[in-house]
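Notes for the one structure printed next.
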Amino acid sequence: MFPLHIWLPDAMEGPTPVSALIHAATMVVAGVYLVARMFPLFIVYAPDVLHITAYVGAFTALYAAVVACVQSDIKRVLAFSTISQIGFMIVALGVCTSADPHEGGLGYMASMFHLFTHAMFKALLFLGAGCIIHAVHSNEMSAMGGLRKYMPVTHITFLIACLSIAGIWPLSGFFSKDEILTACFRFSPVMGVVMTFIAGLTAFYMARLYWCIFWGKENKELHREHRPHEAPLTMTIPLIFLAAVTLVAGWIPFGEFVSSNGQAYHIHIDWSVASVSLCTAVIGIALATWMYMREDRTVADSLAVRFSGLHKAAYHRFYIDEIYQFITHRIIFAHISTPIAWFDRHIVDGFMNLLAAVTNKVSWAIRQMQSGYVQKYAIWFLGGALCLAIVLMLM
């Protein structure tokens with residue numbers, strides 16, 4: 001969650017299968033799982049704290065979605081997409097007002113349902129991104145474009161994943177996201193509208209990613225040097241399997257198995273919510289199609305120029321990384337860590353070195369007391385006894 005999200009995009013420097021595993025398994029959703037496991041305590045003893053997590057999750061989802069709209073690195077788009085989707089899961093948990101899924105606990109089931117479906121299509125997206133990077137030897141979308149004719153299997157499976165995360169019926173992402181939005185509208189109309197808007201942004205940036213990779217203007221000069229090609233079966237078979245799972249996972253009666261109080265919950269689509277979210281997703285996809293499908297991206301380029309300040313800030317992730325860098329290096333390291341280090345070296349270490357030096361000098365001065373001569377031992381014994389007698393007499 002914002003602002004502790006900055007590690008995730010940087011973790012994308014690793015191999016793509018590792019990224020797929022990180023995003024599909026429990027690592028990035030460990031916080032969601034923790035809140036879900038502690039849900040009975042939250043809902044009974046700290047419901048207000050639970051609602052605060054919903055607001056933090058909503059802001060995180062919005063922030064990450066806006067940043068994803070302008071990123072040029074394919075893996076960074078997917079990384080910020082994951083941050084946004086985790087925000088959806090946290091919001092779903094935070095809008096719960098009771099443990100009964102039929103009353104105010106729908107969000108719990110919806111969050112776990114989306115965690116389940118998200119693992120499928122996000123693993124598919126990252127493995128598809130790995131095939132694309134393997135084909136063009138670059139993470140930048142400027143090195144792509146027109147890849148649909150070179151990579152048909154990757155093209156179709158990637159499209160399925162994009163439509164699923166966008167919330168298009170009948171793919172799995174539609175069902176889990178619809179339940180989240182339904183829970184949000186039950187909690188607050190404002191929260192429902194905000195999350196529906198973020199869902200539209202999700203559809204927009206995923207459609208932008210799809211059009212820029214598989215359509216748009218082909219980088220022919222680069223493709224002459226590294227001719228794109230479909231990935232081998234060892235890479236495409238997992239894509240086909242995950243695409244098949246993405247197609248059917250939403251139809252699983254998830255509420256029959258997982259709910260906030262253990263009671264079965266029969267999932268039913270609230271079309272008053274689903275129709276709005278579906279139309280919002282279609283609008284987002286249509287807008288991205290209008291801006292990025294054609295080879296000449298005059299509309300996108302003109303908007304980037306017109307709103308250059310916002311575009312630049314979003315591209316640089318609103319300078320959160322730079323703020324962290326400034327705080328850690330210019331403030332903590334320079335004005336806190338450096339004085340502490342000086343104090344440790346000169347005061348703490350100096351005092352310990354002083355004790356060692358004094359001990360060494362004293363021991364060197366009294367070394368004759370342990371000379372091994374009986375006569376000297378007798379002198380020291382008598383001298384000590386005499387001094388002790390004098391002290392006792394004076395007292």
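Odds and ends about this structure:
- Accessible-area composition of the chain, carbon plus sulfur, in percent [1.4 Å probe]: 71 percent
- Within the listed set 111, 81, 142, the Gaussian network model of the chain (springs between alpha-carbon atoms below 10 Å) gives the highest mean-square fluctuation for 142.
- Angle between the chain longest axis and helix 271-292 axis [Cα atoms, degrees, rounded to 10]: 90 degrees
- The chain: most fluctuating residue of 289, 246, 196 per GNM, C-alpha cutoff 10 Å: 289
- For the chain, excluding the exposed loop sites themselves (trypsin sites (Lys or Arg not before Pro), DSSP loop, at most 16 other Cβ atoms within 10 Å), the longest remaining stretch covers 1-216.
- Alpha carbon centroid spacing (whole Å) that separates the range 70-142 from the range 335-392: 66 Å
- Per residue accessible area in Å² of the chain, where ligands, DNA and RNA are left out and the probe is 1.4 Å: 51 Å²
- Computed from Cα positions, the angle between helix 47-68 and the longest principal axis of the chain comes to roughly 70 degrees.
- Theoretical gain in end-to-end length, residue 379 to residue 73 [0.36 nm per residue, Cα-Cα removed]: 101.6 nm
- Distance between the range 149-228 and the range 1-51 - C-alpha centres, whole angstrom: 21 Å
- Here r is the Cβ-Cβ distance between residue 25 and residue 245 and R0 is 22 Å; the resulting FRET efficiency, rounded to 0.05, is 0.90.
- Length gained on full extension, residue 326 to residue 13: 110.4 nm, using 0.36 nm per residue less the C-alpha separation.
- Take every Cα pair under 8 Å whose residues are at least 6 apart in sequence, average their separation, divide by the length of the range 123-191, and the relative contact order is 22 percent.
- Whichever aspartates and glutamates have a C-alpha closer than 13 Å to that of residue 177, once near sequence neighbours (fewer than 8 apart) are set aside: 270
- Rounded to whole numbers, the Karplus 3J(HN,Hα) couplings from phi for the range 302-319 are 5, 5, 5, 6, 5, 10, 5, x, 5, 4, 5, 5, 5, 4, 8, 6, 6, 6 Hz, using 6.51 cos²θ - 1.76 cosθ + 1.60 with θ = phi - 60°, and x at Gly and Pro.
- Area of residue 315 that stays accessible when all protein chains are in place (1.4 Å probe, Å², to 10): 90 Å²
- Cut-off 15 Å (backbone N to label point 7 Å along Cα→Cβ of residue 227), residues of the range 130-144: 135-136
- In terms of distances greater than 22 angstrom between alpha carbons, the cross-link table entries 220/312; 122/217; 149/217 yield 220/312; 122/217.
- Residues considered: 160, 340, 90. Largest GNM mean-square fluctuation over the chain, using C-alpha springs under 10 Å, is found at 340.
- Counting all C-alpha pairs of the range 263-334, share separated by more than 18 Å (%): 68 percent
- Kirkwood-type radius of the chain, with distances r between different C-alpha atoms, in Å: 24.4 Å
- Contour minus Cα-Cα distance for residue 272 and residue 369 (0.36 nm per residue): 25.2 nm
- Taking all protein chains as they are arranged and a probe of 1.4 Å, the heavy atoms of residue 290 leave approximately 140 Å² accessible to solvent.
- For the chain, the relative contact order comes to 17 percent (Cα pairs under 8 Å, sequence separation of at least 6).
- The C-alpha atoms of the chain define a longest principal axis, and helix 189-214 lies at about 80 degrees to it.
The values are calculated or read from the model by the stated rules, or taken from the named source; none is laboratory data. This one's a predicted model, so the numbers in the text were calculated from it and none came from an experiment. Methodologically, a virtual Cβ is constructed for each residue, glycine included, from the backbone with ideal geometry; neighbour enumeration extends over all protein chains shown. The accessibility values were calculated without ligands, DNA or RNA, using every heavy atom of the protein model including side chains. Shrake-Rupley method; radii C 1.70, N 1.55, O 1.52, S 1.80 Å.
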